[in-house]
Amino acid sequence: MTSPRPDDAAAAPEPTAPEPTATPAEPKRRRRRKVTIILAVLALLLGSGLLGGAYYVDSVPTPTDLKLPESTTVYFADGRTPLAKLGTENRTIVPFEQMNDSAKQAIVAAEDRTFWTNEGIDFAGVLRAAWANVTGGQRQGASTITQQYARVAADLKGVTYSRKAREAVMAWKLDDTYSKEEILGFYLNTVPFGRGAYGVEAAAQTYFGKTVRRDAPAEKQLTVAEAMVLCAMVKQPEANPDDPEGQPGYDPQRSPTARQNSIDRWNYIRDGMVELGYLSPDEAADLAYPDTVKPIEATADRSGLDRPTGLVVNHVLSELRQSEPFKDKPADYVGSS
């Protein structure tokens, strides 16, 4: 395989997703669909013995309620050389409008190709889950980007009917409250990408040493081909601890099987980019899978405080914790606040 040409990202068009044309019948169709969704969710709740449906609506956290911890990087006097990283999670939040289009387009092609036109819920998926619940069939998976964000935001775990019901209601509420651009921004800044990286900016830095910021020099920005590699990892950010060999995930540096998983998913995303009009067939054919993913570092999750220079940082942190507003705060408050 060869690495992508430097102009791969520039070659890709940056179209905006077409908005559906409103018709007089559209509001009625939307109302009918939402009524059906409500009935399907109620079927999930009733089938699971959960009658307190109002709980699922009243307790939905909105993105403004969430406190997403970010990491703080301490630099040497030159302002460029990292000295240490503080915080409990490797996350750097980038506003949606400041991201280049590579990750925005690749994640939609990877995870939810109807994102720009759906109502936040996989309508058919909810109905399938409801039917499976009533008939005793197998639990159903697959979720929209909005549902996935709801799941991560509320820390919903397990594959249960009650979780799917709450996830669907949350997604519905999110879709009614926020724009598609806002939801996609929440998602890209929230989801895990593996190697301890949360959010696409941390992932771009971790895997490629690049950024998704559109105002960065072109050569420092994440390319389309690289974004496709990152977005492939969202499906399974880490290896299954119970079967790391059989289910190693999509990090191409983890094992030959994981690399093949990554390539297969990369090709799937490339097809989606063409399907959605983000790439022309010729542009897709010119893309090459990038063999530039950084090796896995055993010390990647270390903060740098264990190095000799960490003594200086620890001394400064000690001084800060004796003053307001850091007094009596947890040890990691300075780095993640």
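A residue that is within 16 Å of the chain's Cα centre (by Cα) and at pLDDT below 90 can be found somewhere in the stretch 132-145. Tell me whether the stretch 261-282 contains one or more residues that are exposed (fewer than 13 other Cβ atoms within 10 Å of the Cβ), under 20 Å from the mean Cα position of the chain (by Cα) and not in a helix (DSSP H, G or I). No, the conditions are met nowhere in the stretch 261-282.
The values are calculated or read from the model by the stated rules, or taken from the named source; none is laboratory data. From a predicted model like this one, the values you see are computed outputs, not experimental measurements. Don't worry about glycine lacking a Cβ; one is built from the backbone with ideal geometry, like all the others, and counts go over all protein chains shown.
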